[in-house]
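All remarks here apply to the structure that follows.
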Amino acid sequence: MRLKYRKLSYREMLYTTMEVKVLNNYDELSKKSAVFVAKRLLQKDNLVLGLATGDTPKGLYRELVKIYQTGLLDFSEVTTFNLDEYYPISPENAASFATFMKERFFDHVNIPEDQSHLPDGSAQEVEKECKEYEDLIHSAGGIDLQILGIGTNGHIGYNEPGSKWGSETRLVTLKEENVLEDVPGEPARKLNKALTMGIKSIMQAQEVLLLASGRKKAEIIARTIDGEISREVPASILHLHPSVTIYLDRDAASEL
Ligand code: F6R
């Protein structure tokens, strides 16, 4: 009898590189992702890490700090590049991503201050700042591991739907749901712009770890993982990245 093998479609062949893991809950997702990062650091002292802000990676930073406190990890040769920063905003402002990173991570590990980078939300010359940020990433040898969250509209970094695949660090206008309604310590103003690494900058990382947690991410996760590659879902381009791991909690995976 002849065995019949189903022929893989071109799409299925393309889609074989994403490794998707479903963890029980947010706590487990945080611990597993911290161990993921720790392993990479143990393999390479001068790891270049791409970092994200937002709610999702808070647990990752908390757990990484815990592992650091056990004495297992040394961040002294690590360089970091954050994906994005509001614009314009002072890095000292309580709502800046620079402050988020300091409070949640940088203040608790031994990364020398001059080795952690974010786009400068107070830069006067925006284009120059964006170009220098790209140059800095390249001169560090490129990003080894990029951590990503995902917006409910599929954005990665602040690359909103419609972003060009070839985009690099630039000034973007945020979609309504991501606008900061109030800037602490300043007269009422809305912040609807950000500096963000581009899709191309993200795709140039050697490896990507994308995290998603909660029911509200379930639909976009399903569209990203099971749907077509489309500029309407920026995260879908990750199908064409050679090394992507996606950690989901059960809620985020519930529509897969
Ligand atoms: C933040 C970033 C964004 C967030 C995304 C999800 O640096 O680049 O893409 O990752 O908006 O945010 P949370 O985790 O708050 O749901």
Near Leu41, within a Cβ-to-Cβ distance under 12 Å, what is the net charge of the other residues, with Lys and Arg +1 and Asp and Glu -1?
-1
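Quick check: net charge around Val22, other residues with Cβ under 15 Å of its Cβ, Lys/Arg +1 and Asp/Glu -1? Don't skip to the end; give the middle numbers.
On the way: positive: Lys21, Lys31, Lys32, Arg215, Lys217, Arg250; negative: Glu19, Asp27, Glu28, Asp226, Asp249, Asp251, Glu255.
Spelling it out: positives minus negatives among the neighbours equals -1.
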Computed magnitude of the charge dipole of region 147-256 (debye, nearest 20; Cβ of K, R +1, Cβ of D, E -1)
240 debye
For Glu186 and Lys131, what does the FRET efficiency come to when R0 = 35 Å and r is the distance between their Cβ atoms, rounded to the nearest 0.05?
0.80
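With contacts defined as alpha carbon pairs under 8 Å and 6 or more residues apart, what's the relative contact order of the chain in percent? Please report the intermediate quantities before stating the final value.
Values: 504 pairs, mean separation 62.4, N = 256.
Result for the chain is 24 percent.
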Heavy-atom accessible surface of the chain: percent carbon and sulfur, 1.4 Å:
50 percent
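Among the listed pairs Lys32/Lys190; Lys39/Lys128; Lys39/Lys200; Lys44/Lys190, which have their C-alpha atoms separated by more than 32 angstrom in this model? Walk me through the numbers before you get to the answer.
Numbers: Lys32/Lys190 36 Å; Lys39/Lys128 35 Å; Lys39/Lys200 26 Å; Lys44/Lys190 41 Å.
Checking Cα-Cα distances, Lys32/Lys190; Lys39/Lys128; Lys44/Lys190 exceed 32 Å.
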Ranking Gly149, Ile202, Val179 by how far each Cα lies towards the positive end of the charge dipole of region 136-203 (+1 on Lys and Arg Cβ, -1 on Asp and Glu Cβ), the top one is Ile202
Under the rule that an exposed site lies in a DSSP loop and has at most 16 other Cβ atoms within 10 Å, name the longest stretch of the chain with no GluC sites (Glu not before Pro) of that kind, not counting the sites themselves.
1-76
Contour minus Cα-Cα span, Lys44 to Ser122, at 0.36 nm per residue, comes to 24.8 nm
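Would you tally the net charge around Arg62, using a Cβ to Cβ cut-off of less than 11 Å, leaving Arg62 out, and scoring K and R as +1, D and E as -1?
Net charge around Arg62: +2.
Divide by every residue of the chain the summed helix terms, -39500 (n - 2.57) for each DSSP H run of at least 4, and state the resulting mean residue ellipticity at 222 nm, rounded to the nearest 500 deg cm²/dmol.
Details: 7 runs with 71 residues, N = 256.
About -8000 deg cm²/dmol.
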Which value, in Å², gives the accessible area per residue of region 185-256 when a 1.4 Å probe is used on the protein heavy atoms?
41 Å²
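Keeping all protein chains in place, calculate the accessible area per residue for region 38-129 (probe 1.4 angstrom), answer in Å². Numbers along the way, then the final one.
On the way: 4370 Å² over 92 residues.
Solvent-accessible surface per residue comes out at 48 Å².
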Quick check: pseudo-label points 7 Å beyond the Cα along Cα→Cβ at His138 and Val65, how many nm apart are they?
3.6 nm
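The values are calculated or read from the model by the stated rules, or taken from the named source; none is laboratory data. Since we're looking at a predicted model, the values are computed, not measured. Cβ coordinates were reconstructed from backbone atoms using ideal geometry, including for glycine residues, and neighbour counts include every protein chain displayed. SASA here: full protein model, heavy atoms, side chains in, ligands and nucleic acids out. Shrake-Rupley method; radii C 1.70, N 1.55, O 1.52, S 1.80 Å.
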